[in-house]
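Okay, structure first, notes after.
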Amino acid sequence: MNNNRKVMDVTKFNPRFSLQSEALDSADADVWAVSDRAHELADKGEDVIFLCVGDPNFDTPEPILDFARARLGVGRTHYSPAAGEAMLRRAIADIESKVSPHPCSPDDVVVFPGGTNAIYAVLSCLLNPGEEIVIPEPMYIGYVPICDSLRLNVKRVACPAESNFAFDVDAIKAAIGDDTRVVMINTPVNPTGAMATPEQLRELAAYCRERDIWLVCDEMYSMITFARRHTSLRTAAKQLDNIVVIDGLSKSHAMSGWRLGWAVAHGPLVDRLIEFAGATIFGCPQFIQEAAAFALEFDTYFVKQMRDAYEKRRDLIVERIGKIPGLSCYSPEAGMFVMVDVSQVAHSEEGNCGQAFAEALLDAERVSVLPGAPFGPSAVNHVRLTLAADEGELSRALDRIERFVTAGNRQAS
Ligand SMILES: Cc1ncc(COP(=O)(O)O)c(C=O)c1O
């Protein structure tokens, strides 16, 4: 009998993981706790209204679907270049060139499966574990696991609620130190809808270049702006060699599930990004890239229709919230969310009013909103409401929120 084999059979496998995956595992699990509970209630048949996610509630426009079907039909289902299909890189370069003093070449563009992956690739190419990245907060929740898994040292810069979370170049500049390698900004911002002005972008770009620092700008909501048009960092900056812009179709074209995003960079960084994409993605699906190029070139009508709908929804929320005693919000210039200040009506020993409000609202009225704290300390007194719900659904939710708040007020008096 082989004793060694016997020992092997009874030995329990001891799973060991990389530091990278351990870092992800320890990420804050509370972010989606209220939303997870809302889903459990809905699964049990309860009438829950979900205002927590930023996934467009529109279908991808029909002409884009038709185009993708046609490309599938002619066999565009094979490997694709790591940098992306030429026609899509051209379409993206054309968009970037349209209003910019700096013409963009298709050679400056690298295609990724979604904005998240583009951000991951860019940060992977720019930073080593332990190195410092400066990011203003409130910030998109998705940055946290990316930075955690790359084990980056994140220095957060507060954009306080008192100034409507406005983009603050001076505060970012003050946070930049000798160890800073990258500044990453987001305009328009998820969750606040704040937008950087062209002058602010130009100033920050120049400062970062002077300090030999990369400036990465996530512009995922560039096509969902209300009062004024978005200006790309690439358009605003005078010099491009330290600049990276990230964008995609998830929001603007209601194509979140298609997974299509891109990075626009310059010189040697483009080569690094293509190498990274080659190693990790090995090309995005051909028919999706071609449908994306079609979307960028031909469907501005649908983008405008969706943007107009988001604007009406924003106005509805802002008007209704303004009439509920104790709640307040400002009207965001862009994006898919409204941040509501709940500090007058929610009480929390830990100083996390947004969390307390979101939990109690779900308990009492079955409306699921996202607490502000995971977006950063500046948002602890807020909850985030999505615009990705039609006006009827939003009205129903706002009726419930109003009933919840006024009931609470009655109890308190
Ligand atoms: C600011 C911001 N950046 C990036 C992303 C990720 O985009 P994608 O769905 O294309 O990965 C999101 C998604 O919500 C976002 O809000």
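No value in this document is a laboratory result; all are computed from the given coordinates. Since we're looking at a predicted model, the values are computed, not measured. All Cβ positions, even for glycine, are placed from backbone atoms using ideal geometry, and neighbour counts span all protein chains on display.
Which ³J(HN,Hα) values in Hz, rounded to whole numbers, follow from the phi angles of the range 370-385 under the Karplus curve 6.51 cos²θ - 1.76 cosθ + 1.60, where θ = phi - 60° and Gly and Pro get x?
With the stated coefficients, the range 370-385 comes to 9, x, x, 3, x, 7, x, x, 5, 10, 4, 8, 10, 10, 9, 10 Hz.
Work out the P(r) tail for the chain: percent of alpha carbon pairs separated by more than 39 Å, whole number.
In whole percent, the share of Cα-Cα pairs in the chain beyond 39 Å is 22.
Quick check: the distance between the Cα centres of the range 259-290 and the range 318-367, to the nearest angstrom?
39
Can you work out the Karplus-derived ³J(HN,Hα) for every residue in the range 157-166? Use 6.51 cos²θ - 1.76 cosθ + 1.60 with θ = phi - 60°, whole Hz, and x for glycine or proline.
Each residue's phi maps through the Karplus curve to give 10, 6, 10, x, 4, 4, 9, 6, 6, 4 Hz.
Between the range 200-240 and the range 162-177, how many Å separate their Cα centres?
14
Please list, in order along the range 242-257, the HN-Hα scalar couplings obtained from phi with the Karplus expression 6.51 cos²θ - 1.76 cosθ + 1.60 (θ = phi - 60°), rounded to whole Hz, x for Gly and Pro.
10, 10, 9, 10, 10, 8, x, 9, 4, 8, 4, 10, 6, 10, 4, x
Mean separation of Cα pairs under 8 Å and 6+ residues apart, divided by the residue count of the range 107-254: what relative contact order is that in percent? Write out the running numbers ahead of the final one.
On the way: 246 pairs, mean separation 33.6, N = 148.
Contact order relative to length: 23 percent.
Considering only lysines 8 or more places apart in sequence, or on different chains, count the pairs in the chain whose C-alpha atoms sit under 23 Å apart.
Summing the qualifying lysine pairs gives 9.
Quick one: I135, I224, fewest Cβ neighbours within 10 Å first, how do they rank?
Final ranking by Cβ density, sparse to dense: I224, I135.
What's the FRET efficiency of L72 with H347 using the Cβ-Cβ distance as r and R₀ = 60 Å, to the nearest 0.05?
Details: r = 55 Å, r/R0 = 0.91.
Rounded to the nearest 0.05, the efficiency is 0.65.
Around R151, with a cut-off of 14 angstrom between Cβ atoms, what is the net charge of the other residues, counting Lys and Arg +1 and Asp and Glu -1?
With Lys, Arg at +1 and Asp, Glu at -1, the neighbours total -4.
At a Förster distance of 25 Å, what's the computed FRET efficiency of D55 paired with D271, Cβ-Cβ distance as r, to 0.05?
0.15
Which one, S348, Y330, A364, projects farthest toward the positive side of the charge dipole computed for the range 301-375 from Cβ point charges (K/R +1, D/E -1)?
Value computed over the given set: Y330.
Bins of 10 Å, beginning at zero and ending with the bin holding the largest distance: percent of Cα pairs per bin for the range 78-298, please.
8, 37, 39, 15, 1, 0
As a test of the formula, what do you get for the chain when each DSSP H run with n ≥ 4 contributes -39,500 (n - 2.57) and the sum is divided by the residue count, at 222 nm and rounded to the nearest 500 deg cm²/dmol?
Value at 222 nm, helices only: -13500 deg cm²/dmol.
For a quick check, take a GNM of the chain with Cα springs below 10 Å and name the residue from L150, L296, L24 with the largest mean-square fluctuation.
L24
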